[in-house]
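Novice: Please find one structure pasted underneath; my questions will follow.
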Ligand SMILES: Cc1cc2nc3c(=O)[nH]c(=O)nc-3n(C[C@H](O)[C@H](O)[C@H](O)COP(=O)(O)OP(=O)(O)OC[C@H]3O[C@@H](n4cnc5c(N)ncnc54)[C@H](O)[C@@H]3O)c2cc1C
C-alpha cells in the first residue's frame, strides 16, 4: 500500500520551506523532501547542524511541525501521473502518493566551457561558496573570481571574509553598463546595502571589468583584454539556470528555460505547482514569496481557503511583483551569456565523454538539424556520462543549432534521476 500525503514538496530551500509554512498552516499533511542533509537550500547552506537550526525566523514562521514530515537526504527520482513521486534515500526507495505536488528544486550554475575549464584548480564559484559555507575553510593560494553576474560579488566577498587571498575579480560586464542598475538599487535599499557590504569586503582586490576569459593555462589566466593573471584557484561563475530535470520528468510546459507558471504558481499540469528559481532566477527573497503563493494556491485547491488566506495572498502577490521588477532589471543588465562564447574548437564540451566542440562541428553534417542534441548524443555520446548532460546540454545544443539556427528538440528525461539501485526500483515497482 502506497503512503499518501496531502502535499509533497520537492526542495527544502527558501521556496519549499515557505510553501510548507502555508500548506501546514492550512492544515494539510505535508511531506518536504530534499537531497541534502539540512534544510535551507543553496542560500542558507551552513555547517551541518540540526536540520532547521540557523534558518531565519521569517522562513520558518507559520510552519506547523505537527503536520510537517521533513525528509532530508532524500532525493526525488521519478514522477508518475503527477500524483506519485519516487523517493530515494541511501539504500531505500519508495513511492509516495500526493494530492498536490510542489516542485521547488532551485537552480544550478550555468556551465560555461572555455579552454582550460577542466583543469585541476578551476572550480565553479557556487561550488566553492558551498564548500566555504559548509566547512568554514577557505582555499589556499592566490584566488581569482571570474565570469559574470551579480552572484560573483557575494562569492568573492565571502571567500575574502573566510580568509582567502582573493587577488583579482574579473567581470565580463563593462563598468559603465553596471551603472544602469542604479535606479533599481535606489528602489531596493536592502539590495543596495548588500552591494555596499560586498564592495567593502573587496577593498584591495584588483577589479577587471569588461574582460572575459580567453584561456586558463597552468598558473596563468589569460583575459580577452590581453592581461595575464597568476592563479592557484580559479572560481568561475556565469549565472544560474533553473534546475528542470524533475519538471521535464513530470511533463511540465517550459518556456524561456524555466517552468511556465501562472500567477498562482500553477504549472501546465493540474495539481502540480512550482516555486522559486525553477520558475526563473531571481534571488532568495523572491523564491520565498513564490513558495508562499504556491502554498496558498495548494490550500485553495484543497478547499482550505479563508479570509486570512486572501489577505496573505494579496500581500505576497504584491511583494512578488516588486521583487520581480528588481530581478528583471538584473536580467536586462547582465543578459544571458551565450553558451559557446568562450569556447574554441579544441574545448571539451562534454567532460564525461571527452567530446570537443570541434568533434561536434566535424560530425554535424551527418545528422539533420532538427535532430539536434539527441543526434549528438547518439553519435558522439555527448551527455551520456555520469552528469547526464547537466554540464554540457546547453553548449551541445548550441553547437548543433548554430549550424542551422533551427530550434533543437527538447531533451527527453527518463526516471530514475540520479543514482538508484536496481534493488530499490524492484522494491518500489510493486507500489506502482
Ligand atoms: C550555486 C548557487 C549559489 C548561490 N549563491 C547565492 C548568493 O551568494 N547570494 C544570493 O543572493 N543568492 C545566491 N544564489 C541564489 C539563491 O540561492 C537562490 O535565490 C535561492 O536559494 C532560491 O531558493 P529556491 O528554494 O528556489 O532553491 P534552492 O535554495 O536552491 O533550493 C532547492 C533545493 O532543492 C533540492 N533539490 C533539487 N532537486 C532535488 C531532487 N530531485 N530531490 C530532492 N531535492 C532536490 C536541492 O538540494 C536544494 O536544497 C545561489 C544559487 C546557486 C544555485
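Where a number appears in this text, it was derived from the coordinates with a stated rule and is not lab data. Treat the numbers as computed from the prediction; the structure is a model and nothing was measured. Quick reminder, even Gly has a Cβ in these numbers, built from the backbone with ideal geometry, and neighbours come from all protein chains shown.
Novice: In what sequence, highest mean first, do 378-391, 70-83 appear when ranked by Cβ atoms within 10 angstrom?
Specialist: Put in order of decreasing packing, that is 70-83, 378-391.
Novice: Taking the highest mean first, how do the peptides 94-107, 261-274 order by number of other beta carbon atoms within 10 angstrom per residue?
Specialist: Order by mean packing, descending: 94-107, 261-274.
Novice: Right, here's the next one. What number in nm² do you get for the range 139-215 if you take the convex hull of its Cα atoms and divide its surface by four?
Specialist: If I average the Cα hull's projected area over directions, I get 5.3 nm².
Novice: Rounded, prolate or oblate: which one fits the range 214-328, using the alpha carbon gyration tensor with axes a ≥ b ≥ c (rounded when a/c is under 1.5, else prolate when a/b beats b/c, else oblate)?
Specialist: prolate
Novice: If you average the alpha carbon positions of the range 302-376 and of the range 104-180, how far apart do those two centres end up, in angstrom?
Specialist: 19 Å
Novice: Let's test the formula: R0 of 22 Å, r as the Cβ-Cβ distance of residue 429 and residue 378. What FRET efficiency results, to the nearest 0.05?
Specialist: Between residue 429 and residue 378 the formula returns 0.20.
Novice: Any idea what the relative contact order of the chain is, in percent, if you count C-alpha pairs under 8 Å spaced at least 6 apart?
Specialist: 19 percent
Novice: Between residue 421 and residue 324, what is the spin-label point distance in nm, taking each point 7 Å from the Cα along the Cα→C-beta axis?
Specialist: Once both label points are built, they end up 4.6 nm from each other.
Novice: Then there is this: May I ask you to compute the full-extension gain from residue 134 to residue 4, defined as 0.36 nm times their residue separation minus their alpha-carbon distance, rounded to one decimal in nm?
Specialist: Computed gain between residue 134 and residue 4 is 43.4 nm.
Novice: Taking 0.36 nm per intervening residue step and subtracting the Cα-Cα distance, what contour gain separates residue 264 from residue 203 on full extension?
Specialist: Here the answer is 17.6 nm.
Novice: Additional query: Could you run the Debye sum over the Cα atoms of the chain, one equal point scatterer each and no solvent, and tell me log10 of I(q)/I(0) at q = 0.12, 0.13 Å⁻¹, two decimals?
Specialist: So the normalised log intensities work out to -1.08, -1.25.
Novice: Can you give the translational diffusion coefficient of the range 76-140 in µm²/s, computed by Stokes-Einstein from the Kirkwood radius over Cα pairs at 4 °C and 1.567 mPa s?
Specialist: 83 µm²/s
Novice: Give the calculated FRET efficiency between residue 99 and residue 331 to the nearest 0.05, with a Förster radius of 35 Å applied to their Cβ-Cβ distance.
Specialist: 0.50
Novice: Given an 8 Å cut-off on Cα distances and at least 6 residues of separation, report the relative contact order of the range 165-314 as a percent.
Specialist: 14 percent
Novice: Follow-up. Give me the number: length gained by fully extending residue 228 to residue 186, i.e. 0.36 nm times residue separation minus the C-alpha to C-alpha distance, one decimal in nm.
Specialist: Length gained between residue 228 and residue 186: 11.5 nm.
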